[in-house]
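Trainee: Quick one: this structure, given as structure tokens, is what I'll be asking you about.
Derivation of every value follows stated rules applied to the coordinates shown; laboratory data play no part. Just so you know, these numbers come straight off a predicted model, no measurement behind them. Using ideal geometry, Cβ is built from the backbone for each residue, glycine included, and neighbour counts are taken over all protein chains shown.
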Amino acid sequence: MSPTSLPIADRVLTELKELPLPSAALAFDISQDHKKYYAACFDGVYELDAETAKRRQLYKHESYASGVQIVHASSEVISAGFDGALTWYSLASGKTVRTVKAHNFWSWKMRLSPDQKLVASVTGQYKAGGYKYEPAPEREPSVRIYDALTGGEKANFPHVPSVQAVAFSPDSKHVAAANIMGEVRIWNIASGKQVAGFTTPDFTCWGIIKNHHYVGGIFDMCFSPDGKHLLVCGMGPMVDPMAGNGKQTWQRFAWQENPARKIAQIDDKDAGAGLMEAIKFHPDQDAFVMAGRLNQGKWSAAIFSTATGRMITATDSRMRVTDSAWLQDGKVLAISGARQQERPKNGVCPDFGSIKLYKFA
């Protein structure tokens, strides 16, 4: 039996390659031929050659670039930033096509629909709305959806800020968003109606020392390939909100049931401490990856069995992981992130961003 034909339960992660970046990579996307990587970094959007690791900066946002996706039909890159803007950039002409002011605050997360026709971005700043420190009402729609080809706004939806995660259903008909309070809302895009919603308390907590506010939240989410389930990840409750030592956490929900039902969650034996920021189903749907920043424990990226919920294999990537993608029909896992920034050497700041590739076989 060849290594790539092993059952998923018997596979392991083996590091293959690292593509360095000058600053932290908050998100990335990959060309259809897997020859180019596009990374949203602190200092702009970069293109990397998959073979040579040669890189070039394409353009900048006015603040950190926080998301990036490729629209294959138009050969354009769409990026989002902490400046609240969405920017369309033509790979053919090497010029910016348009910039849309989507939010008055940061774009926390941006996602392209599977049919590549829509792009969603979520925003929001947590502010105390009363003496109980309940979140203040949103000042703008927390979820906005745009036409991926024209940049025209297609829809916007309300949520409780801050909203930090967004995902499209596999058929591109629904969009889900989740916030710092562990609340998930799901809308039918065409009708504009909210079709599902639930709150899980396992991703947020009240900061009882140092900072009196809610901390944590759901930081990433994805639908299962069959559309029936929704995976969410983030960080569990912590005593010290400044320590970032909440439980590494994922949960899976049957979101179409009324009420939505939690059907699985991480086993305590598998969980360390840290903020989980990336989650994605394996193409075969029988496993998924969760990754993020390690605070205490042994791993920052791990593969879990969909059937049992138990960990299959894991690795310490030695960086904070911000995004993930499967390549080669699930035989390769790519993750982006950053190591701790070092002091300048001879006036030059060492690279601290990265995209890493792992063999999953």
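Trainee: Which of these, 84, 217, 94, has the largest mean-square fluctuation under a Gaussian network model of the chain (Cα springs below 10 Å)?
Mentor: Judging by the Gaussian network model, the answer is 94.
Trainee: Continuing with this model, one more query. HN-Hα J couplings of the stretch 9-15 from phi, Karplus 6.51/-1.76/1.60, θ = phi - 60°, integer Hz, Gly and Pro as x?
Mentor: Couplings: 5, 9, 7, 10, 9, 10, 5 Hz.
Trainee: Along the charge dipole of the stretch 95-179, Cβ charges K/R +1 and D/E -1, which of 114, 135, 103 sits furthest on the positive end?
Mentor: Of the candidates, 103 comes out farthest on the positive side.
Trainee: Given contacts defined as C-alpha pairs under 8 Å and at least six residues apart, what's the relative contact order of the stretch 214-361, whole-number percent?
Mentor: Relative contact order here is 15 percent.
Trainee: Evaluate the relative contact order of the stretch 256-340 (contact order divided by residue number), counting alpha-carbon pairs under 8 angstrom at least 6 apart; express in whole percent.
Mentor: 23
Trainee: Output the Cα-based Rg and Dmax of the chain in Å, rounding Rg to one decimal and Dmax to a whole number.
Mentor: When restricted to the Cα atoms of the chain, Rg and Dmax are 19.3, 64 Å.
Trainee: So how strong a dipole does the stretch 217-330 carry about its Cα centre when Lys and Arg Cβ are +1 and Asp and Glu Cβ are -1, to the nearest 20 debye?
Mentor: Details: 12 positive and 13 negative charges, 48 e Å.
Roughly 220 debye for the stretch 217-330.
Trainee: Can you tell me the length gained on complete extension of the stretch residue 96 to residue 9, counting 0.36 nm per residue apart and subtracting the Cα distance? Provide the component values of the computation, followed by the final result.
Mentor: Numbers: separation 87, 0.36 × 87 = 31.32 nm, distance 4.49 nm.
Working it through step by step, the gained length comes to 26.8 nm.
Trainee: I'd like to know which of 287, 14, 161 lies farthest towards the positive end of the charge dipole of the chain, counting +1 on Cβ of Lys and Arg and -1 on Cβ of Asp and Glu.
Mentor: Farthest along the dipole direction, towards plus: 161.
Trainee: Taking H as built 1.01 Å from N, whose amide H comes closer than 5 Å to the amide H of residue 250, not counting residues under 5 places away?
Mentor: Correct list: 266.
Trainee: Determine the dipole magnitude for the stretch 31-152: charges of +1 sit on the beta-carbon of Lys and Arg, -1 on that of Asp and Glu, nothing else is charged, the reference point is the Cα centre, and the result goes in debye to the nearest 20.
Mentor: Numbers: 16 positive and 13 negative charges, 24 e Å.
The dipole magnitude comes to about 120 debye.
Trainee: State, as an integer percentage, the relative contact order of the chain based on alpha-carbon contacts under 8 Å between residues 6 or more apart. Before the final figure, lay out each step's value.
Mentor: Values: 1044 pairs, mean separation 51.2, N = 361.
Normalised by residue count, the contact order of the chain is 14 percent.
Trainee: Can you tell me the dipole magnitude for the chain around its Cα centre, using point charges on the Cβ only (Lys, Arg +1; Asp, Glu -1), in Debye to the nearest 20? Intermediate values should be presented prior to the final figure.
Mentor: Values: 41 positive and 36 negative charges, 81 e Å.
Around 380 debye, computed over the chain.
Trainee: As an exercise, find the ratio Rg/Rh for the stretch 235-361 from alpha-carbon atoms, using the Kirkwood inverse-distance average for Rh. Write down the numbers at each step before the final one.
Mentor: Values: Rg = 16.1 Å, Rh = 15.7 Å.
Radius of gyration over Kirkwood radius for the stretch 235-361 works out to 1.03.
Trainee: Between residue 36 and residue 308, what is the label-point separation in nm under the 7 Å Cα-to-beta-carbon projection?
Mentor: 4.3
Trainee: Further, regarding this structure: Multiply the residue gap between residue 340 and residue 18 by 0.36 nm, knock off their C-alpha separation, and tell me the result in nm, one decimal place.
Mentor: Working: separation 322, 0.36 × 322 = 115.92 nm, distance 1.60 nm.
Extending this stretch completely gives an extra 114.3 nm.
Trainee: Oh, and also: In whole Hz and in residue order, list the ³J(HN,Hα) couplings for the stretch 21-27 that follow from phi through the Karplus curve 6.51 cos²θ - 1.76 cosθ + 1.60, θ = phi - 60°; x for Gly and Pro.
Mentor: Per-residue couplings from phi come out as 10, x, 9, 4, 9, 8, 6 Hz.
Trainee: Please work out the Cα center distance from the stretch 256-311 to the stretch 70-104, rounded to the nearest Å.
Mentor: Taking the Cα centre of each part, the stretch 256-311 and the stretch 70-104 sit 31 Å apart.
Trainee: For the stretch 87-133, state the semi-axes of the equivalent ellipsoid (square roots of 5 times the eigenvalues of the alpha-carbon gyration tensor), sorted largest first and rounded to whole angstrom. It would help to have the intermediate numbers written out before the result.
Mentor: Working: eigenvalues 205, 38, 9 Å².
Output for the stretch 87-133: semi-axes of 32, 14, 7 Å.
Trainee: Please rank 8, 180, fewest neighbouring Cβ atoms within 10 Å first, as an exposure proxy. Don't skip to the end; give the middle numbers.
Mentor: Working: 8 18, 180 25.
Placing the least packed residue first, the sequence is 8, 180.
Trainee: For the stretch 147-163, just list the computed ³J(HN,Hα) in residue order, Karplus coefficients 6.51, -1.76 and 1.60, θ = phi - 60°, integers in Hz, with x standing in for Gly and Pro.
Mentor: Listing the rounded values in order: 6, 5, 9, 10, x, x, 6, 9, 6, 8, 9, x, 7, 9, x, 8, 9 Hz.
Trainee: Given the peptides 289-295, 60-66, arrange them by the average over their residues of other C-beta atoms within 10 Å, most packed first. Mind showing how you got there, number by number?
Mentor: On the way: 289-295: 25.3, 60-66: 20.0.
Put in order of decreasing packing, that is 289-295, 60-66.
Trainee: On each of the three principal axes of the Cα atoms of the stretch 1-134, give max minus min coordinate, whole Å, ordered largest first.
Mentor: 62, 45, 32
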